[in-house]
């Protein structure tokens, strides 16, 4: 009999938001488990009863921001009975876990994500709350998942807790497109193959978007930068400051995987500014294209790329990297194909279940 697994903590599926959603999208492709995915009826465009064989249940709250706390708690209440395993993605609702363990016989598996309490966007109280939620997740989960060796080390040092190291897959970004479509996409964004650098992320301070833009402005290197510029004052101000540079194109979010494939596969380099968190999905995805990667110099990025990328710490060091000759990096591609395919990641999760 298949094990019944409830998945809590994402907007839902079909995936159109972030790394956890992509994780769920690829987990439920397996028929080894009986999956139920809890979704936000406020965030998802349509309400389906099932998707890829998984049952979908809807909670009438948003899955992100301050509402993520009651959203996760209501999801946990709905999953108290009828499941063998509850997979929790993130720690927002972990304050409910002491009660959940008293009432439910399900095993709790929690992916603690990327140390949310250290992110610059949160105020003092939010950071305290997220740290407290993290401690509840570590104490009351039956198993903890860390997506990066840096997170494994942190959990051991901070809580004397052992965790399972499971990263993310990224091979879903490899698409099949014809030459005419590729030409249309490149023409649309005004670039030529291997004559531009590419960056993609949420526009937040800890992703060092300002450093990437300052380096591009200083070096004159052609840059396409995809992100949610209108979402915060930080993004709005950056767009206002840097949209005047002819070599920089600040693009709104692109969700079409085929368009993204064309832009990534034809980029000379990928620039990754994330400084917080663990294994970042966009970095894993970029590794599949065999191009050089310039990553912000923190332990998480070095662990993900196995020290085979090039690293920067400020605008000056990134400008120096942008002046280097363009080349491929097949080592990164081979690492991705070995460690970061969804088949590998899915097997690790299901073995744990």
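The values are calculated or read from the model by the stated rules, or taken from the named source; none is laboratory data. Every value quoted in this text rests on a predicted model; they were computed, and no experiment measured them. Every residue, glycine as well, gets a Cβ built from its backbone with ideal geometry; the counts of neighbours run over all protein chains shown.
Details
- Unique match (being crowded, with 17+ Cβ neighbours inside 10 Å, over 24 Å from residue 164 (Cα atoms) and either under 21 Å from the mean Cα position of the chain (by Cα) or modelled with pLDDT under 95 (or both)) among 315, 336, 295, 268: 295
- Filter result for residue 212 (assigned to a helix (DSSP H, G or I), touching a strand residue (DSSP E or B) at 6+ places or on another chain (Cβ under 6 Å) and touching a residue at least 40 places away in the same chain (Cβ under 8 Å)): yes
- Residue that is farthest from residue 1 (Cα to Cα), among those in region 91-108 that are touching a strand residue (DSSP E or B) at 6+ places or on another chain (Cβ under 9 Å) and not in a loop (DSSP other than H, G, I, E, B): 94
- Here residue 63 clears all of (1) over 19 Å from residue 352 (Cα atoms); (2) surrounded by fewer than 23 Cβ atoms within 10 Å (Cβ to Cβ); (3) at pLDDT below 95 except the condition numbered (2).
- Selection from region 339-353 of residues that are in contact with a helix residue (DSSP H, G or I) (Cβ under 9 Å, 6 or more places away or on another chain), surrounded by 13 or more Cβ atoms within 10 Å (Cβ to Cβ) and in a helix (DSSP H, G or I): 339, 342, 344, 345, 346, 349, 350
- Filtering region 150-177 to residues that are under 17 Å from residue 19 (Cβ atoms) and free of Cβ contacts under 8 Å to residues at least 60 places away in the same chain leaves only 165.
- As a summary of the residue check, residue 331 satisfies the conditions (1) in contact with a strand residue (DSSP E or B) (Cβ under 8 Å, 6 or more places away or on another chain); (2) surrounded by fewer than 17 Cβ atoms within 10 Å (Cβ to Cβ) except for the one numbered (1).
- The residues on offer are 88, 77, and the sole one that is in contact with a strand residue (DSSP E or B) (Cβ under 9 Å, 6 or more places away or on another chain) and modelled with pLDDT of 95 or more is 88.
- Filtered residue count, region 49-76, keeping only those that are within 27 Å of residue 32 (Cβ to Cβ) and free of Cβ contacts under 8 Å to residues at least 60 places away in the same chain: 12
- Any hit, region 219-236, residues being assigned to a helix (DSSP H, G or I) and over 24 Å from the mean Cα position of the chain (by Cα): yes
- Scan of region 1-30 for residues that are surrounded by fewer than 17 Cβ atoms within 10 Å (Cβ to Cβ) and either in a strand (DSSP E or B) or without any contact (Cβ under 8 Å) to a residue 24 or more places away in the chain (or both), ordered by number: 1, 3
- Filter pass, residue 71 being surrounded by 21 or more Cβ atoms within 10 Å (Cβ to Cβ) and not in a strand (DSSP E or B): yes
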